[in-house]
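The values are calculated or read from the model by the stated rules, or taken from the named source; none is laboratory data. In this text, all values refer to a predicted model and were calculated from it rather than measured experimentally. Reconstructed Cβ throughout: ideal geometry from the backbone, glycine too, with neighbour counts over all protein chains shown. Side chains included, ligands, DNA and RNA excluded: accessible areas come from the protein's heavy atoms. Shrake-Rupley method; radii C 1.70, N 1.55, O 1.52, S 1.80 Å.
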Amino acid sequence: MFGMSVERLFETVDDAHLISPPGTVALAQGVESHLGGHDLDDPLQVVGQAIALTTSQSNPALLVMAEESIHSIVDRYEALGPQRLVGEARLVRRMLHVMLAGHQPPRMCAELFGLTGRVAGLLGYMAANLGVMDAARAYCTEAELLAREVGDVPLEMWALGTRSYALYYEQRYAEADAAARAGITLAPSNAQAIRLLANGRARALARMGDRRGAEQAIGQAIELSEREPSLPEGMSPCIAFAPYSMARSLSNAVTAHLSLDDSAQVLAYAAQINELVELSDSRWSRALVGLDVATALVRHDAPEIGQAMALGRSALRATAEVPIQSVWQRARELHEQVSRWRDEPEVGDFAEELQAWRSRLHTDVIMTDAPAVNAL
């Protein structure tokens, strides 16, 4: 193949003249004479370098394992919660970073960037659920940068949606809306825009008192959902990379209208999705919609305190083993709404259960490997 004799190829050479790109052995002795004085590279070195450039140092089986782990985390998330799955996600992220640190051809780099971006996004969502917001923002930055590098627009939109979600629970509503708008701008007709409109813009705008903007975002989310032929059925998982289902979009509309102090619309939307919520495997969805309805009942012209407190206690009991930040915020706001009825037994019972529930939200999980922006 190289125009050399077997003897020439296998002759012993001095180590000082050995050129050895990764995975190859190239002979340098007598190169000038073999090339006939032409200013060309050693054929063995050329082939060796080409092999090195196109050879991955990653085991394909590890990539398959990483992808399966990501799917598994999404599937188990609402049953087990972030406290029990964050360690697994961190291990997957570290494994992918080790592979990225080695030599990879472009096609493998793109796959690794995509997988690492997804697991970083999952960690960002988990951190937000745990109330560790600085880690949430850092993981979202990693996911956004990696997605942008490989042109994965849906993943970048999803990561911006998760950033908006974290900012919302930090009560940084203008920034939450800005993050969602940035994601929508990337691809307004992409199905990922449904989440950015319903969970991102509508809720943030409602908190800022922008009724027209919030209602417009809800309408756009519903319109886009009706045009999308492949939305998930029922109540889609909160952490999934798939687009929002119609039921999940409407559950976010419930929250937005509650912030607009529109109790009638809250109850109307809640009734529309009640069956899907009750049949859902998502205890968080049942709890959050229940807490929104409870707050609407308290704000109603004829407050129904007993029913509201029953819904509140049911939400706390359903999520006691998997407490998350969003449930805490809604339950706390419900407690504030019933403060003037504090002497009622039902209100006292809810306050006691809320205090016990809050103690479980504290976690020993320390997300020390959250990426620093300047390290990317």
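Search region 204-217 for residues that are assigned to a loop (DSSP other than H, G, I, E, B) and surrounded by fewer than 20 Cβ atoms within 10 Å (Cβ to Cβ) and pair each with any residue that is at pLDDT 95 or above and not small (Gly, Ala, Ser) when their beta-carbon atoms are under 6 Å apart and the residues are at least 6 apart or on different chains.
Close Cβ pairs (under 6 Å, with a partner that is at pLDDT 95 or above and not small (Gly, Ala, Ser)) amount to 208/173.
Only one of (1) open to solvent by 10 Å² or more (accessible area, probe 1.4 Å); (2) aliphatic (A, V, I, L, M); (3) farther than 20 Å from residue 88 by Cβ is not met by residue 146, so which one is it?
Single failed check for residue 146: (3).
Please identify the pairs in which a residue from region 83-102 that is free of Cβ contacts under 8 Å to residues at least 24 places away in the same chain has its Cβ atom under 8 Å from the Cβ atom of a residue that is in a helix (DSSP H, G or I), counting only partners at least 6 apart or on another chain.
What qualifies is 88/69; 88/73; 97/116; 100/109; 100/112; 100/113; 100/116.
I'm told residue 236 meets every condition in (1) open to solvent by 10 Å² or more (accessible area, probe 1.4 Å); (2) among the small types (Gly, Ala, Ser); (3) in a loop (DSSP other than H, G, I, E, B) except one. Can you identify the failing condition by its number?
For residue 236, the failing item is (1).
When you check residue 138 against the structure, is it on the phi < 0 side of the Ramachandran plot and either at pLDDT below 95 or under 11 Å from the mean Cα position of the chain (by Cα) (or both), yes or no?
In short, no.
Look through region 218-227, keep the residues that are touching a helix residue (DSSP H, G or I) at 6+ places or on another chain (Cβ under 7 Å) and open to solvent by 30 Å² or more (accessible area, probe 1.4 Å), and return whichever of them is farthest from residue 272 (Cα to Cα).
220
Inside region 159-198, can you point out the residues that are among the acidic types (Asp, Glu) and either assigned to a helix (DSSP H, G or I) or buried (at least 19 other Cβ atoms within 10 Å of the Cβ) (or both)?
175, 177
Report, by residue number, each residue of region 105-134 that is open to solvent by 20 Å² or more (accessible area, probe 1.4 Å) and of a type outside the set (A, V, I, L, M).
Passing the criteria: 106, 107, 109, 111, 113, 118, 131, 134.
Take the conditions among the basic types (Lys, Arg), closer than 20 Å to residue 204 by Cβ and open to solvent by 30 Å² or more (accessible area, probe 1.4 Å) and apply them to residue 332. Does it pass?
Details: among the basic types (Lys, Arg): yes; closer than 20 Å to residue 204 by Cβ: yes; open to solvent by 30 Å² or more (accessible area, probe 1.4 Å): yes.
Answer is yes for this residue.
Which residue is nearest to residue 320 (Cα to Cα), if the candidates are limited to region 96-106 and must be at pLDDT below 90 and of a type in the set (A, V, I, L, M, F, W, C)? Before the answer, list the steps.
Taking region 96-106 first, the residues at pLDDT below 90 are 98-106.
Those still in the list that are of a type in the set (A, V, I, L, M, F, W, C) too: 98-101.
On the way: 98: 36, 99: 38, 100: 39, 101: 40 Å.
Here the residue is 98.
Pairs only if they're at least six apart or on different chains, beta carbon under 9 angstrom, first in region 245-258 and outside any helix (DSSP H, G or I), second open to solvent by 10 Å² or more (accessible area, probe 1.4 Å); list them, first residue then second.
Short answer, once both residue conditions are applied: 245/231; 245/232; 245/233; 245/234; 245/235; 245/276.
Out of the residues in region 251-278 that are within 24 Å of the chain's Cα centre (by Cα) and of a type in the set (A, V, I, L, M, F, W, C), which is surrounded by the fewest Cβ atoms within 10 Å (Cβ to Cβ)?
276
Can we say residue 92 is closer than 30 Å to residue 318 by Cβ, modelled with pLDDT of 55 or more and in contact with a Ser or Thr (Cβ under 6 Å, 6 or more places away or on another chain)?
yes
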